[in-house]
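Everything below concerns the one structure shown next.
The values are calculated or read from the model by the stated rules, or taken from the named source; none is laboratory data. Since the model is a prediction, treat every value here as computed from it, not as a measurement. Every residue, glycine as well, gets a Cβ built from its backbone with ideal geometry; the counts of neighbours run over all protein chains shown. For accessibility, only protein heavy atoms count, side chains too; no ligands or nucleic acids. Shrake-Rupley method; radii C 1.70, N 1.55, O 1.52, S 1.80 Å.
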Amino acid sequence: VGYSTLYGDTAGGFAVIKDVPKTMVYRLCEFRNSLGEPVIPDSIINKAPTAELRADQRDDQSLPPYDLLDKLLDDYVNMNLSHEELVAKGFDDDVTRWFIQLVEKAEYKRRQSPPGVRVSEKAFGKDRRMPITNHYSN
């Protein structure tokens, strides 16, 4: 949705997991560890996602669960569904409205991110660039 940290998600000149949904990141970590000697500590995999901007902060304190967010992102970005279509699919009206606003308001952050691998059908960036001048809103 646009949450990123300078020394976390956006660190370095190439964002390896830029286009990978959060739930898939965790599945990839578990898969990598299943190939032999684990290289990603369980404490990392089992830790609640956080930008660590303040003490005891977790993403779930300000965001819905990532399995819901990843489904919304897929339908909104890859499938290009509107707010009305998302609600018709069964997503909560208020959550969907808030989610879309959050995604659109974070466009400027995505413009500052380093390039990365594309794994989705339609990635943020060249496949889905939204104007950020004049406070564009969808």
- Task: Determine how large the accessible area of Ser62 is when every protein chain is in place; take a 1.4 Å probe and give Å² rounded to the nearest 10.
- Result: 50 Å²
- Task: Working with all protein chains in place, sort Tyr76, Tyr108 by solvent-accessible area computed with a 1.4 Å probe, largest first.
- Result: Tyr108, Tyr76
- Per residue, accessible area of segment 17-91 with a 1.4 Å probe, heavy atoms of protein chains only, in Å², comes to 66 Å²
- What nm value, rounded to one decimal, do you get for the distance between Asp67 and Lys105 when each label is placed 7 Å out toward the C-beta? 2.7 nm
